[in-house]
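Q: The structure that follows is given in the form of structure tokens.
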Amino acid sequence: MVTLGVAPAAQAAPKPAAKPTSVQIVGKDIDGTLIVDPTDGARLFDTLLAEVTWMATATPQTTAPAADKLGPKYSLTVMIKTAPQMVYDLYPLAAGGPRAHRPAKQPVIGKTVTDGWFYGRLTMSETLRVSGVPLEAKPDVVAGGIGGGIGQDIDSNELDPVTGVNNFLGEMRRVLLVNGAVLAVIAFGLAGIAFLIRRKV
């Protein structure tokens, strides 16, 4: 007997997870709610997301700092269309470096996370600033993570590799001249000592 089998229907592939569409920022010195989305620049939007999304499943790194050491708080809400997903509290001016807090209470129904504190990225303050938060510019941290082209107050010459090489060569030339002068002084000193020794002999 020949048994005819029917292949089971292929299972439908799971839908990819929806990607965040905007980030809302609120803070004491922000008038209303600041909204950042890809229309403000994909690079800026991705950089702002990168400041917080890594904490979604991360293990807390530190304990809660003293309240008087935290500085101003900025709460970021990651949105998918009109639905809030995760909320994070950022403290870019905290004593000892930026701090971030992941509250246990999150807006997604059925989602529970552990209340946790983290060491924030050194780029936090500058990322928030270029996103519209009124903070003092710190362009020196751009190379640490934000990347060239986002900070609006950065001189393009600071990011020019040719200028950087020329500055490096100039510094090397000065170092070589100083070393040469030191070697010349040592050589003359040794010659003088040898001359004195020869006269005594």
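Q: Can you compute the modelled spin-label distance between VAL178 and ILE30, with each label point 7 Å from Cα toward Cβ, in nm?
A: 4.6 nm
Q: Would you list which lysines come within 25 Å of LYS111, measuring only between C-alpha atoms, while excluding same-chain residues fewer than 8 positions from it?
A: Output for LYS111: LYS15, LYS19, LYS73, LYS81.
Q: Sorted by packing (mean other beta-carbon atoms within 10 Å per residue), highest first, where do 113-125, 88-100 land?
A: Numbers: 113-125: 18.2, 88-100: 19.8.
The most tightly packed comes first, giving 88-100, 113-125.
Q: While we're here: With Cβ to Cβ distances under 11 Å as the rule, what net charge do the other residues near VAL78 carry (K, R +1; D, E -1)?
A: Around VAL78, the charge tally is 0.
Q: On the protein heavy atoms, probe 1.4 angstrom, tell me the percent of accessible surface of region 72-136 carried by carbon and sulfur.
A: Using a 1.4 Å probe with all protein chains present, region 72-136 comes out at 56 percent carbon and sulfur.
Q: Also, I was wondering about something else. What order, most packed first, do the peptides 33-44, 56-67 have when packing is the mean number of other Cβ atoms within 10 Å of each residue?
A: Values: 33-44: 14.9, 56-67: 11.0.
Going from most to least packed, we get 33-44, 56-67.
Q: Send over a whole-number figure in Å² for the accessible area per residue of region 61-126, probe 1.4 Å.
A: Per-residue accessible area for region 61-126 comes out at 51 Å².
Q: Label points 7 Å out from Cα along the Cβ direction at ALA56 and ASP115: separation in nm?
A: 2.4 nm
The values are calculated or read from the model by the stated rules, or taken from the named source; none is laboratory data. None of the values given here were measured: they were computed from a predicted structure. For neighbour counting, all protein chains shown are included, and Cβ atoms are generated from backbone atoms with ideal geometry for every residue, glycine included. These accessible areas exclude ligands, DNA and RNA; they are computed on the full protein's heavy atoms, side chains included. Shrake-Rupley method; radii C 1.70, N 1.55, O 1.52, S 1.80 Å.
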